[in-house]
Amino acid sequence: MANLPKSSVTKELDRNLAAAKKGGSVAKFTVSVHPRYKKGNRDAGHAMLYFYLRYQNDKCTFTSGVKCDPSNYDSKTVTIRGQGEEEKTVHLQNMVQDAKTCYHELKITKRSIDLQLIKATVLGQYIHGIPTLQVAVDKFFEMETAKEKAGIVSIGHWRKVRGFHNHIRAFMYHKYRLYVPLEVVVPAHAQALLVFLQAERKLSPNVANYIVAHFKRIMNYALEHEWITRNPFISFKRKTDYTGKARLTREDLQRLHKVHLSTETLDRIRWVFLFNCYTGLSHIDLYRLTPADVQHTTEGDAFIMTFRSKTKQPTITYLPTVCLSIIERHEKDPYRLQTGKLLPVVSNQKMNLLLKEIAGLAGLKKHLTCHVARHTFLNLLYQTETDEKAMRAAAGHGGMDTMRKHYIEYDPEAIVRELKRNIG
């Protein structure tokens with residue numbers, strides 16, 4: 001085989017091996033910067049400078065982002081000769097110094113020498129071993145992603161967190177631009193984030209408040225890892241405006257029963273939605289139902305017993321005659337037979353889209369969604385003075401506070417009748 005010319009990196013390794021054979025000491029940690037050409041582009045005149053970190057048997061390579069003419073570059077002094085190259089030289093030498101400083105800090109504090117951490121520090125993603133604000137936000141999202149993959153949180157929760165994450169990243173670029181330490185976040189930035197979300201991202205006040213509360217959780221995550229000593233958003237309290245919650249009355253349900261629908265798809269969506277109104281299951285729990293989830297009491301009454309995907313709380317809900325007839329109606333549905341599900345449930349987005357059309361045909365001026373069915377179910381239970389323990393079991397909630405806050409609507413007519421009876 002022909003003798004190929006050795007690169008400066010290979011020569012450096014050869015020198016270290018020769019020193020080891022002679023009984024000399026081999027440098028445990030080295031930083032070097034060398035040019036690297038793109039494959040097949042060696043005569044382009046400019047090459048990217050790459051960092052080479054080595055510690056014992058570990059190595060890490062990454063780009064510096066700086067290009068130069070290799071003939072004008074001195075790898076021993078990390079200097080680029082030529083007019084107008086002074087800034088590049090200073091930048092490279094500062095990066096080398098940052099790598100050495102981080103290594104010595106890890107060594108002095110008796111922490112493991114992590115080349116990836118040193119790399120992140122050199123690139124400005126870590127400051128003195130502590131992640132920057134942008135990296136901390138990304139790490140929190142990575143944790144939520146791992147939870148979703150492990151089945152700890154639902155895919156719906158993860159998608160909501162992903163949306164919050166994107167909005168917060170946009171705010172950080174707007175406010176800070178580059179990587180900045182966590183300490184730059186101050187309490188006043190909570191209000192700045194609210195203004196940005198409503199003015200620039202065109203979000204409602206309620207959604208903007210939820211995102212700021214999410215940012216507060218990220219700062220708590222940083223606090224738990226001892227990256228900061230105090231959460232700057234500790235005094236932030238989420239404020240939400242009451243917008244009213246759509247729900248259907250018994251008269252509305254009768255309209256949906258009687259409305260004539262021209263297509264089989266709309267008819268299928270109508271009956272699945274009504275089944276949801278009488279059981280109160282969330283869309284994801286309804287989608288996951290199988291015939292095995294339908295059980296019977298000793299008296300022959302049918303019910304569903306499962307666990308809520310969101311809260312992992314047990315859910316027990318009675319199946320009235322109308323629900324049993326809906327199940328029987330779809331026993332031979334091709335989609336149901338193919339998937340083995342209890343009902344032919346489509347995606348949440350598609351179902352909500354078709355419910356708008358059904359509402360128009362039924363003459364309902366309410367915005368129908370899958371979640372409206374759950375609100376309808378719980379309000380019907382509340383109006384009939386159902387036992388609280390039974391309501392909690394049917395809703396899959398641990399207490400009544402959540403239901404009163406988010407689901408239950410007071411019926412004005414019922415309140416007037418009650419006041420009239422007591423006041424006279």
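The values are calculated or read from the model by the stated rules, or taken from the named source; none is laboratory data. Here the structure is a predicted model, which means the values were calculated and not measured. For neighbour counting, all protein chains shown are included, and Cβ atoms are generated from backbone atoms with ideal geometry for every residue, glycine included.
May I ask you to verify whether Gly84 is at positive phi, among the small types (Gly, Ala, Ser) and surrounded by 14 or more Cβ atoms within 10 Å (Cβ to Cβ)?
It is false that Gly84 is at positive phi, among the small types (Gly, Ala, Ser) and surrounded by 14 or more Cβ atoms within 10 Å (Cβ to Cβ).
Which residues, counting only those in the stretch 324-342, are farther than 17 Å from Leu266 by Cα and either among the hydrophobic types (A, V, I, L, M, F, W, C) or in contact with a Gly (Cβ under 8 Å, 6 or more places away or on another chain) (or both)?
The answer is Leu324, Leu337, Leu342.
Identify the residue in the stretch 308-356 that is part of a helix (DSSP H, G or I) and of a type in the set (Val, Ile, Thr) and, among all such residues, is surrounded by the most Cβ atoms within 10 Å (Cβ to Cβ).
Checking each candidate, the answer is Ile326.
Just to be sure before I move on: is Glu148 free of Cβ contacts under 8 Å to residues at least 40 places away in the same chain and not assigned by TED's automatic domain parsing to the domain that holds Tyr73 in the structure I sent?
yes
Exactly one of (1) out of contact with any Gly (no Cβ under 6 Å at 6 or more places or on another chain); (2) modelled with pLDDT under 90 is unmet by Leu274. Its number?
(2)
Of the residues Lys100, Lys119, Lys67, Lys76, which is in contact (Cβ under 8 Å) with a residue 24 or more places away in the chain, surrounded by fewer than 18 Cβ atoms within 10 Å (Cβ to Cβ) and in the same structural domain as Asn57 (by TED's automatic domain parsing)?
Lys100
Return the residues of the stretch 74-96 that are part of a loop (DSSP other than H, G, I, E, B) and hydroxyl-bearing (Ser, Thr, Tyr); say none if nothing qualifies.
The answer is Ser75, Thr77.
When you check Lys110 against the structure, is it among the basic types (Lys, Arg) and assigned to a helix (DSSP H, G or I), yes or no?
The answer is no for Lys110.
Residues being touching a residue at least 12 places away in the same chain (Cβ under 8 Å), farther than 18 Å from Arg169 by Cβ and in a helix (DSSP H, G or I): count how many of those fall in the stretch 183-239.
4
Could you tell me how many of the residues in the stretch 136-149 are of a type outside the set (Asp, Glu) and touching a Phe, Trp or Tyr at 6+ places or on another chain (Cβ under 7 Å)?
Of the residues in that region, 3 qualify.
Does Ala136 satisfy the criteria of being in the same structural domain as Phe215 (by TED's automatic domain parsing), over 19 Å from Val33 (Cβ atoms) and either in a loop (DSSP other than H, G, I, E, B) or touching a helix residue (DSSP H, G or I) at 6+ places or on another chain (Cβ under 9 Å) (or both)?
In short, yes.
Pick out the one residue from Arg329, Arg308 that is in contact (Cβ under 8 Å) with a residue 40 or more places away in the chain and touching a Pro at 6+ places or on another chain (Cβ under 9 Å).
Arg308
Working carefully through the options Asp114, Asp58, Asp43, Asp98, find the one that is among the acidic types (Asp, Glu), touching a helix residue (DSSP H, G or I) at 6+ places or on another chain (Cβ under 9 Å) and either on the phi > 0 side of the Ramachandran plot or modelled with pLDDT under 85 (or both).
Matching residue, one of Asp114, Asp58, Asp43, Asp98: Asp114.
What number of residues in the stretch 170-207 are surrounded by fewer than 15 Cβ atoms within 10 Å (Cβ to Cβ) and closer than 30 Å to Lys312 by Cβ?
Residues flagged as surrounded by fewer than 15 Cβ atoms within 10 Å (Cβ to Cβ) and closer than 30 Å to Lys312 by Cβ within the stretch 170-207 amount to 2.
Counting only residues that are among the charged types (D, E, K, R) and in contact with a helix residue (DSSP H, G or I) (Cβ under 6 Å, 6 or more places away or on another chain), which one in the stretch 244-292 is nearest to Glu331 (Cα to Cα)?
This residue is Arg270.
Could you tell me which of the residues Val207, Val184, Val180 is farther than 19 Å from Ser235 by Cβ, modelled with pLDDT under 90 and β-branched (Val, Ile, Thr)?
Selected residue: Val180, the only one of Val207, Val184, Val180 that is farther than 19 Å from Ser235 by Cβ, modelled with pLDDT under 90 and β-branched (Val, Ile, Thr).
Scan the stretch 362-385 and give yes if some residue there is among the acidic types (Asp, Glu) and at pLDDT below 85, otherwise no.
Yes, some residue in the stretch 362-385 is among the acidic types (Asp, Glu) and at pLDDT below 85.
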